[in-house]
Structure formats: C-alpha cells, structure tokens
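One structure is given here, and the rest of the page talks about it.
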Amino acid sequence: MSVFLSLSKLYVKSFYNLPGKKAPGSKATGKEIGKLVGVAALVVLVAGNLGYLFVVMNLNLYQGLAMVGMQGLLLLNAAVMATMLTLVVGFMTSLSTYYLNDMELQLLSMPIRPRALFGAKFVAVYVTEAALSMFFMVATMVVFGIKERPHPLFYAWGTLAGLLLPLPALAASYLIQIPLLTFARFLRNKKTIMIVGGVIGILFGLGLNIYFQRMMPPVADPAARAATFAGPGSAVSAMGRGYPPAMLAWRAMASPASASGLVAALMLLVACAAGPALVVLLLSGAYARSLVGFNEAHIRKLSKDGAEAFIARRLRRRRPFPTMVKREFDMMNREPMYLLNGPFIVVMLPLIMGIMYAVQKDALLADPDMAGVRALIDGGMGAALAGLVGAFMGSSTSIACTAVSRDAKALPFIKSLPIGPGAYLLAKLGHALIFGAVGSVVGVGLISLFLRLGAADALAGLAASLALSSLLNLAGLWLDTANPRLEWDNPIAAMKQNPNAVIMMLGAMGLLGGAGYLAFVWSMSAGEFALWFGLAPAAAFAALLAPFPRFGERRLAAMEG
Amino acid sequence: MIELSGITKTYAKSAVKAVDDLSVSVRDGEIFGFLGPNGAGKTTTIKALTGVLRPDAGSARIDGIDVAADPIAAKRRIGYVTDNPELFARLKAAEYLNFVGDVYGVSSADRRARTSEYATLFGIKDALGASIGSFSYGMKQKLLVTASLLHDPQNWVLDEPMVGLDPKAAFALKEIMRARAAAGKAVFFSTHVMEVAEKMCDRLAIVNKGRIVFTGTLAELKAMQGADGSLESLFLELVDDSAEESA
Ligand SMILES: Nc1ncnc2c1ncn2[C@@H]1O[C@H](COP(=O)(O)OP(=O)(O)OP(=O)(O)O)[C@@H](O)[C@H]1O
Ligand SMILES: [Mg+2]
C-alpha cells in the first residue's frame, strides 16, 4: 500500500475511532453483536431524522418555487447550501484537527513526504464533508426527482456535485489556515485554536440566524417566501451565480442530458479538483513545518525562593469531594475538544439567541395577528417553553453522558485512590448538575426575556427546567457508567463518537418534546406545568439517584483498567 | 505489610491467565522486588493489590486489611506509583499534588513539607507551577513519586519506578526506598532488570507467565547457581519458557 493510502487509513481510523481488525480466532459475542446492531440502529435513526428535516425543507421550498415556475432554482439552492455547509463545518473540522496529537510528531520523524502527510489529512477531513454534502444533495434529488422526473443523468450529476462541492471549500479552509499557522506562532497552540474556532462558530451561527431572519419575513404566502429565500433576487441565487462551482453544478443538473450539461459537469470536475490539487502541491511543505511546535507549552520556571513561596501559597488542603468536582471541571474545560462540544453550548446558544432577540425586537409578538399566540403564552405555554428550552440547555452539554468515557485513561489510577466509587461518580454528577443549573438559568432567562414573561411564569419554567435537566443528566451519567467508551486514542472519540451522547441528545429531545406536547394538549397553566414537570422528574431523579452509587460501584469494579 | 494469597486474574478479553494463583508477602521494614519479563503479570498483580482490579480468586491484605472488604481503609495505607505517568496532562503539577493530597486527607503543613522535600530532592521544584503536559517523561515520573509519598504511606508500591529516571534521580529514589524500609515501612516494587533487584532488595520474587518461579532472599537465589554463576543468567533460565515446558 502506498504511504499516502496507509496514512489516510490511519487518519480516518483515528478520526472516527474505528475499531481495528478482530484478532484472528476470536468470535464476536452476542453482546458485541447486540451493541453493533444498537449503534447501527442509532445511526439510522439520526440520519433518518436529519434526512427528513432536509427533505421537508426542500419540499417546502420546491412547492413555493413551483408556484412561480422557478423550481429549477431549488438545485442552485442545494449547491449553495452544500457549499456553505461544508465551508463552515470544514473550516471548523480542519482547524480542530490541524494538529491532532503527538502521533503527528512521530509521523514527522518518519520518511513520509509532506504531500502524503497533508493529503492524507485532507482526505480524512473530506470524508465527513462529503457525507454531509451528499446528505443534502440526496434530499434535494429525492424531492426534485419525484416531482420533476428528470433524466437519469440528473442523479449522476447530482451525486458528482455532492462529492465535489466540499473540495474547494476545504481547500479554501486550508489556504487560510496553513499560512496563518505558519506565520502566527502564537496560534500554534490547541487552546488558542479552540478559542478562535469557537468565535468563528459563534459568528457563523449568528450570521446564519440573521440571514434566515432577513430571508424569511413572517409572510403566509409560500410562493413569496420561497421567492425571497431562493428566488432570482435572493442572496442564495446571487451567491450561486457568483460562485462558479455552484453555477456549474446547477447547470449540469438543470439540463442533465444535454451537451451543455455534460460540459458543465466536466468543468465542475476540473474546477473542484483544482483547489485541493493546488493546495496539496504548494502548501504541503508549509503544513508539515507548521506542525512543529504545537506541543510546546509555556513553562513558568520558579526561582528557588519563589518555589518555596509557591508551595506555601498553592498547596492547601481542601475537602476531597469539592476537589474531585474541581478535577472534573478542569478535565472538561482544559481539553479544547471537550470545551467546544460541551460547556461552550451553554455560552454559544444564548449568544445566538440573544442576537436573534436583538434583531427581532418584538416585531413578532406585537403583530396583531399574533394575539392568539400571546394569549397562549400567557396561559402557561410561555412557562412551558422557557422550562423546556432551559432543560435542553442544561442537559445538552454532554458532560454527564461522556463523563466515564472521558476519564478512561485515568480510571486505573482513580481506582487506586481511597475514595469510594460512589463519591467519584457523584462528583461527576455534581459537575453536570452545576452546568445543568447554569444552562437552566440562562435558557429560562433568555426565553423569559424573549417572550416577555412575568416573574411567576419564569420561576415556574425554572423549577421544571432544573428538575428535567437534573433527571436527564443523571440518566446520561447512568448510561455512560453502564456502557462507557473506554478505548480511544484521541479524546475526541470519547465525546463526539460516543453513542451515549447521541442517545442522550435524542432522548432529551424526545422527553422535552413529549413534555411540551402534553403541556399543550392539556393546556396546562404555568403552575400546573411547574407542578407536573417539576415534581415528576424530581421524583424520578431521586428514585434513580438512590441505587446509583451501588450500581456505579459494581460497574467500575468490572472495568479492567 | 502486604499479603497476597492465591491471586488469580484472567482479563475478560483474553483467554490466558494473566496472574495464576500468586502468593507473596512483603513484611514491614523490607524492600521487596518483583521481577519478571514483559507480560509476566507484574502490573496485573500490583493492580490487584491496590484495588484497581478485582481478582477472580485470592485475596490481598494490606496491614491486615482485606482490600476487597474495606478498600478505602486499605488504599489509605498504600502509596502507589503507576507504570503510566502520562496522566493528568491538563493539570498543573501543584494542582495534581493538591488533588492527591486532598483525596488522602493530607494536612496543608504536611503536604507542603513533603512536596518541598521530595521536589527538591528530584529537582522539579521550579516546575511545580507548570502544566504536567509540559513535563518530560522523567519529570512526570518524579512528580508521581512525590505525590505517592504525600501521605507518608506505610506501604509503598512502585510499578517499574526506575524507568525513565536519570542516574541521579534513580539514586535518590533508591535512597528513599532504603530510608523507608529502615523506618519500618514496606516497599514493594516491580522491575524487569535483575541488576536493580540485586542491588536493592532484601527479598525478591521472580514471576513468569503469571506464576511465581522463585521467592526468597538474594542469598538463596545465588545458591541456586546459574549457568555461568551470574544472577542475570539464572534469571533468564528461570523465565525461559522452553526450559519450563520440558521440565
Ligand atoms: N487491560 C488488559 N486487557 C487484557 N489483557 C491484559 C490487560 N492488561 C494486561 N493484559 C495481559 O495480561 C498479561 C500480564 O500483563 P502485565 O501488564 O501484568 O505484565 P507486566 O509483567 O506488568 O509486563 P511489563 O514488564 O511489560 O510491564 C499480559 O499477557 C497482557 O497481555
Ligand atoms: Mg507492567
């Protein structure tokens, strides 16, 4: 196998933490097969949800555009969306994986050409991008295919476009990042990159929100809405026209069986291959050089007297439990990938929502057409909404449902310490609950501001939010204790490729959606909502908490570190 | 005092016994070496006695306390240096020491005095404010050793402690081991280097494929006579698999 191929395989494996080959002779046990089936079902479920969302979005857009006879623009929209989606996700992914870990320094010591090294990295990041882009294209192709019955070549060009469109976007990301990280030494640091990446993420989220706000004024007419969103005068169309690959993809799909369609497809191929080829050709050397220095840390050496003073000042006794909770905080917040994927959500979502609020003012609810909605909100739905959003934010940090997995490497040492497994797990729960409370306060507060809720409604929402998020966090911790992901090379795997995080995200959506539905159909008042969705989850929390330490003790004892 | 009796452990993911009916006891006031080739089961044994692993059979007693029956009390009496110093990279050295100190309930005054003493001895005092991730391998090892002594444990258990230490630090470590034994404390360490065991141990056990092939004093071992009279060749003979199978 060529160096490039085996490196690509290595990167893909360590990115996505694929299991290695089974040792010869060992048979898959029933439990393993069950696990595999479960994970597969989960993947199908998530993909199905997302796919459904994309299809519905495309369908709405199609119906609107078809009314004014411009359904062809759906394809341009798809090309632009695929590009934008992959540009942003690609930028974040390539940045956060720019320097994966010290494994890369070892690779640098091997006789590997920089081109193979960088090319392999590019391929590994591209895999996610292609999947994302294809997902969107397929959703569009399904809608357009059923409605318009295009020539079979349409699907070929659509697939080609889906696979090709992420390439220039990714090349552009590296075109920015490689020079940046070559010249700005201070950026060559995981922490700095984390902050930069986070800020970019927030800005993107804001941009997207403002964009949708502007594009989708609250009008009832679907044709007018579709036209403002994707019609000839819209930003999407303008962007598509100005960006050749999107334009080419559109042309190829719009007239698939014609010569001009074929020419467009070929030009698309050339246009999209050019970017990565150039970047790999010209910047591979710079990329490899810029990897050096990533693991350097700023060391503050103490002087002789300084060290004594430091010891006297810093070494101080605390009670064991708070110390363990503090360790949980440090472990989470000092690992860039964890911080971005976890607690950051509590900061990022509110910021986005805050800006949405600022952009929107009270245009929405001041509208006389909205009087019914206002009444509904004041009748208890406002409290319910605040409570559910707060609970979601308080439980979507993935702190609890990855807590044991993230600690896999330290487990043997932890188990040698004179602390009970129960206390150890409760420290993890404490950490999650603190964030749960922060998320609840922020979420409830924002919704209360947004919907102009009174204090009583807000408090009712907060009570339910605290109870619901605590229950979800405990359930998540229970899940990760029962079935942690203990074997990984890359800390990302413990969080992002942890089935427990996905299960909990879906579970939270299900539980909270169900709660919202019940609150609505039973038209609960704020007080009733607080009573039902405060007390029931609180009771469930207590019922789960009581046997948890013993359960955890057994589970931890069974883990072979 | 550490008493292991009949410890047996098979990892869930493996078919062979990593440790097989292993019994060893380490008395107070002695340095006990645990010698064996790679994969012999040293780390597994140490994990069983520190309560990290639950053995399939057998028991471990620390100062008479059964690790399975009262793990917390037993663990309090152990200072443990793991074979993997690559932990807690995100913590600063002082934070790590505070964490360990708090968990073992060490008073502020004691932890300051001991940190100062051992960090000076190992020459890592100036780095206490730095993140462990920025430490060299040997520095991490020295920090682990320092942390393991914060609570002045009755039983000191070290898994491959010499690996990665420079001669000066290795010497310092040996001095500490001797001083502790002289003060009536038990020291138990694993190694795969005969020379280290030879210089340090009052008694030693040689383990191979999970089983003890020799326990006794150095003099008793020497009496067995290797091929060329050296302990090194004797050790190699004892752990030679082909010889064992034909026996
Ligand atoms: N987590 C684990 N899962 C499965 N098998 C393991 C695990 N850890 C160790 N083993 C197996 O147990 C046996 C003993 O390993 P152990 O780590 O105790 O050896 P060791 O004597 O400490 O070796 P070394 O000198 O290399 O440190 C080996 O065969 C090893 O493959
Ligand atoms: Mg070992």
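Kindly identify residues of region B:38-74 having a loss of at least 50 Å² in accessible area between the isolated chain and the assembly of all protein chains, probe radius 1.4 Å.
Residues passing the criterion (a loss of at least 50 Å², heavy atoms only) are B:V52, B:R54, B:I72.
Please name the residues of region B:129-176 whose accessible area, counted over protein heavy atoms with a 1.4 angstrom probe, falls by no less than 20 Å² between the chain alone and the full protein assembly.
Residues of region B:129-176 that lose at least 20 Å² of accessible area once the other chains are added: B:G129, B:A130, B:S134.
Does region A:275-329 come out rounded, prolate or oblate, given a ≥ b ≥ c as the square roots of the eigenvalues of its C-alpha gyration tensor, rounded meaning a/c under 1.5 and, failing that, prolate meaning a/b above b/c?
oblate
Run lengths n ≥ 4 of DSSP H only: what is the helix-derived mean residue ellipticity at 222 nm for the protein assembly as shown, with -39500 (n - 2.57) per run over all residues, to the nearest 500?
-21000 deg cm²/dmol
May I ask for the distance between the Cα centers of region A:416-444 and region A:519-555, given as a whole number of Å?
The two parts, judged by their Cα centres, are 17 Å apart.
Toward the positive end of the charge dipole of the protein assembly as shown, about the Cα centre and with charges on Cβ (Lys, Arg +1; Asp, Glu -1), which of A:M495, A:F154, A:Y16 goes farthest?
A:F154
Sort A:440-449, A:375-384 by the packing proxy (mean of other Cβ within 10 Å over each peptide's residues), most packed first. Numbers along the way, then the final one.
Values: A:440-449: 23.1, A:375-384: 21.6.
Averaged packing, sorted descending, gives the order A:440-449, A:375-384.
Which longest uninterrupted range of chain A lacks any GluC sites (Glu not before Pro) assigned by DSSP to a loop state (not H, G, I, E or B) and surrounded by at most 14 other Cβ atoms within 10 Å? Display every interim value, and only then the final one.
On the way: sites that count: A:E296, A:E487.
Answer - A:1-295.
Classify the protein assembly as shown: rounded, prolate or oblate, from the alpha-carbon gyration tensor (a ≥ b ≥ c, eigenvalue square roots; a/c under 1.5 rounded; otherwise prolate if a/b is larger than b/c)?
Verdict is prolate for the protein assembly as shown.
From Cα pairs below 8 angstrom and at least 6 apart in sequence, can you work out the relative contact order of region A:320-558, rounded to a whole percent?
Working: 337 pairs, mean separation 73.4, N = 239.
That works out to 31 percent.
Taking the simple approach of a point 7 Å from Cα along Cα-to-Cβ for both A:V3 and B:E237, what is their distance in nm?
4.9 nm
Under a Cβ-only charge scheme (Lys and Arg +1, Asp and Glu -1), can you give me the dipole magnitude of the protein assembly as shown about the Cα centre, in debye to the nearest 20?
Magnitude of the dipole: close to 1160 debye.
For an R0 of 35 angstrom, estimate the FRET efficiency from the Cβ-Cβ distance between A:A131 and B:A89 and round to the nearest 0.05.
The computed FRET efficiency comes out at 0.65.
Post the alpha-carbon centroid distance, region B:198-213 to region B:83-160, in whole angstrom.
28 Å
From other protein chains only, count the Cβ atoms within 10 Å of every residue's Cβ in B:85-94, then give the mean.
For peptide B:85-94, the averaged partner shielding equals 4.
Of the cross-linked pairs B:K92/B:K125; A:K121/A:K496; A:K9/B:K47; B:K13/B:K209; B:K140/B:K174, which ones have a Cα-Cα span greater than 23 Å in the structure shown? Write down the numbers at each step before the final one.
Working: B:K92/B:K125 13 Å; A:K121/A:K496 18 Å; A:K9/B:K47 35 Å; B:K13/B:K209 17 Å; B:K140/B:K174 17 Å.
Violating the 23 Å Cα-Cα cut-off are A:K9/B:K47.
So what are the radius of gyration and Dmax for the Cα set of region A:320-558, in Å?
Just the Cα atoms of region A:320-558 yield Rg and Dmax of 18.9, 66 Å.
Would you mind getting the accessible area per residue of the protein assembly as shown, heavy atoms of the protein chains only, 1.4 Å probe, in Å²?
43 Å²
Which one, B:T44, B:H192, B:A69, projects farthest toward the positive side of the charge dipole computed for chain B from Cβ point charges (K/R +1, D/E -1)?
Positive-end residue among those listed: B:A69.
Pull up all non-local amide H partners of B:F214: gap of 5 or more, or a different chain, and H-to-H distance under 5 Å with H placed in the peptide plane.
Residues meeting the amide H criterion: B:I206.
What share of the DSSP beta bridges in chain B is antiparallel, in percent to the nearest 5?
Approximately 55 percent, going by the DSSP bridge assignments.
With a 1.4 Å probe on protein heavy atoms only, tell me which residues of region A:408-433 lose at least 50 Å² of accessible surface in the complex relative to the chain by itself.
With the partner chains in place, region A:408-433 has these residues losing at least 50 Å²: A:F413, A:K415, A:S416, A:L417, A:P418.
Am I reading the A/B interface right? What is its buried accessible area, both sides, 1.4 Å probe, to the nearest 100 Å²?
Buried surface at the A/B interface: approximately 4000 Å².
Just in region A:297-329: which trypsin sites (Lys or Arg not before Pro) are loop by DSSP and have at most 12 other Cβ atoms within 10 Å?
A:K301
Out of region B:16-70, which trypsin sites (Lys or Arg not before Pro) are coil in DSSP terms and have no more than 10 other C-beta atoms within 10 Å?
none
Could you work out the relative contact order of chain A, using alpha carbon pairs under 8 angstrom and six or more residues apart, expressed as a whole percent?
Reported relative contact order: 17 percent.
When the accessible area of the protein assembly as shown is split by element with a 1.4 Å probe, what percent falls to carbon and sulfur?
66 percent
Using DSSP, restrict attention to beta bridges with both residues in the protein assembly as shown and report what percent are antiparallel, rounded to the nearest 5.
Working: 20 of 38 bridges.
The antiparallel fraction comes to roughly 55 percent.
Classify region A:473-561: rounded, prolate or oblate, from the alpha-carbon gyration tensor (a ≥ b ≥ c, eigenvalue square roots; a/c under 1.5 rounded; otherwise prolate if a/b is larger than b/c)?
Oblate, since a/c reaches 1.5 and b/c is not below a/b.
The values are calculated or read from the model by the stated rules, or taken from the named source; none is laboratory data. Remember, predicted model here, so these are calculated numbers, not experimental data. Quick reminder, even Gly has a Cβ in these numbers, built from the backbone with ideal geometry, and neighbours come from all protein chains shown. All accessible areas refer to the heavy atoms of the entire protein, side chains included, with ligands and DNA or RNA removed. Shrake-Rupley method; radii C 1.70, N 1.55, O 1.52, S 1.80 Å.
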